[in-house]
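Since the structure comes first, as structure tokens, the remarks are kept for the end.
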């Protein structure tokens, strides 16, 4: 039943975005990385995949589901307690001393230093973090929204140190995961769990409410190994200013704040970004991406080689089981 | 009676900050731009210059004076009405088309564009803005705090366009005005009036409450014409991270927000900065610096030539009269 809800319209994205419809081998319902600007269009997939009749079978209330449907994200203040977080925070501190880990391809260092900036694939490195991805409260909410079993598409820890932590440009994760990883549709949810107190000044996650409802094609061809650049500074896959303005004028911007253990669950197509950390207080967060087992990866739609495993899991799509 | 409150301790700042006291011609009570880090120390000047006996002779209440004394700034939500602002906003829009103005030394363009980023000396260019500096409510509050007549040390308009507007590093204005302009003591107040609605996302002014109580010497020799670089990206005159952290841990950070016409009045030594404008909404603000006529400029303490008139007024120190 995979992708049963897609309109079977075949579009050749190598045709300079002329809008001509051609029968080719490439089925790409979300053409992006184009040579010229193209209009945004309404998403093809539902946001809440569970049908109305079974909507309240999970832990999220009808109101919370409606909120997710409207805004494209939910905030959970102190979803985990500080006690629950302590072990994770301790483990993170230890990683900063782990020389072997710093050699891994999935570990990104701050330029010119030995300080870790991001660790990808944290659930494959650490039992503790692996168990956290299968925490029953978390897993059931995600399954309720996606109406299926799920697996981890990507996991990571971001360190945003005081004074030095740089921001991220506005983007939809789905836009990259579709074009560079071959994720066919929007049936995927991310959870960002803050490991440090989150305030207005240490570069919190900012989201545009309602932006998940439209797909914005982006301009620019994707070079091979684009991820090496985009992990430092994303310039491709960033929507045009006019489209961003339209989204912001309609939905404004929100930046949920809370103590360590708070969580933002957001739809894969919700536009988000963050500013630099101008405070002295670090901001570390944990990031789990849950993809539906009905939405597993195909060949990248941009035509490049698939990105490495640590960015886009192609090794195991077995459904996660709660711990 | 100029500088009567200074301790007459003479310190040679060219001695690599050894702390040795020497009798020289250079009287510098706030040594900065040093070769090595030096400890912060308590400010020598009062914050509220008016003696307690006359404290309530002006428009600011005793509570508001105490707040300014404690925090180093005051926020005035909608100090001017939007109607009052309209004429100024209109005039600003017209400047963007003014080719002659763009040739002026005091007009700074966005690199690589014809867009104006900053206009210095706006009160000398425009009658409307000149009158605004002498607005009685404003002027009386400043005189009340500084207990003297005042003149304009510097005025400017900053444009921070949507998406593109860059932030400013943490700094004390007094640190620069002292070292590069020869402002002897802390008897000076700035007013920042927002011309556009100010929110969490368009790069509002951030201040560290209580930071005005200490002077933080900064590291690094000042090259001639440093202002050409520092107007784009200030790297000199930025306190060290440990000192900043001490200030933030003690006083936190505040970023007052409000509609166009709102005003922040802040002490010349209050640490402030701002983040990039990641929203689509521009943030323009007007900036008037009122210096006491008892605190007029001497030779720059860093030993360089004085900066241009548009940055540091040496032409007229005549007391401002209310309109």
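The values are calculated or read from the model by the stated rules, or taken from the named source; none is laboratory data. Computed from a predicted structure; not experimentally measured. We place every Cβ from the backbone using ideal geometry, glycine too, and count neighbours over all the protein chains shown.
Counting only helices (runs of 4 or more DSSP H) that fall entirely inside segment B:96-169 and contain at least 1 residues that are crowded, with 22+ Cβ neighbours inside 10 Å, the qualifying elements are B:122-125, B:127-133, B:136-146. For residue B:179, the conditions (1) part of a strand (DSSP E or B); (2) within 30 Å of residue A:279 (Cα to Cα) all hold with the exception of (1). The residues of segment A:55-84 that are in contact (Cβ under 8 Å) with a residue 60 or more places away in the chain and part of a helix (DSSP H, G or I), listed by number, are A:65, A:68, A:70, A:71, A:82, A:84. Out of the residues in segment B:34-44 meeting the condition of being closer than 20 Å to residue B:295 by Cβ and part of a loop (DSSP other than H, G, I, E, B), tell me which one is modelled with the highest pLDDT. The qualifying residue modelled with the highest pLDDT is B:43.
Here residue A:218 meets the list (1) away from chain B (no Cβ under 14 Å); (2) surrounded by fewer than 21 Cβ atoms within 10 Å (Cβ to Cβ) almost entirely, failing just condition (2). Scanning segment A:138-155 turns up at least one residue that is closer than 28 Å to residue A:40 by Cβ and under 13 Å from the mean Cα position of the chain (by Cα). Quick one: is residue B:255 within 14 Å of chain A (Cβ to nearest Cβ) and either at pLDDT below 95 or under 30 Å from residue B:82 (Cα atoms) (or both)? So residue B:255 fits the description; yes. For residue A:199, the criteria (1) within 10 Å of another protein chain (Cβ to nearest Cβ); (2) buried (at least 22 other Cβ atoms within 10 Å of the Cβ) hold in every case but one, which is (2). Any residue in segment B:233-241 that is more than 23 Å from residue B:35 (Cβ to Cβ) and surrounded by fewer than 23 Cβ atoms within 10 Å (Cβ to Cβ)? Looking for residues that are more than 23 Å from residue B:35 (Cβ to Cβ) and surrounded by fewer than 23 Cβ atoms within 10 Å (Cβ to Cβ), one finds none in segment B:233-241, hence no. Restricting the first member to segment B:32-46 and to residues that are under 12 Å from residue B:221 (Cβ atoms), and the second to residues that are outside any loop (DSSP other than H, G, I, E, B), the beta-carbon pairs closer than 6 Å and six or more apart or on different chains are B:32/B:175; B:32/B:179; B:33/B:179; B:34/B:219.
Considering segment B:267-281, the residues that are farther than 18 Å from residue B:253 by Cβ and within 11 Å of chain A (Cβ to nearest Cβ) include one that is surrounded by the most Cβ atoms within 10 Å (Cβ to Cβ), namely B:279. So in segment B:170-194, with the set limited to residues that are away from chain A (no Cβ under 14 Å) and farther than 25 Å from residue B:129 by Cβ, which one is surrounded by the most Cβ atoms within 10 Å (Cβ to Cβ)? It comes out as B:178.
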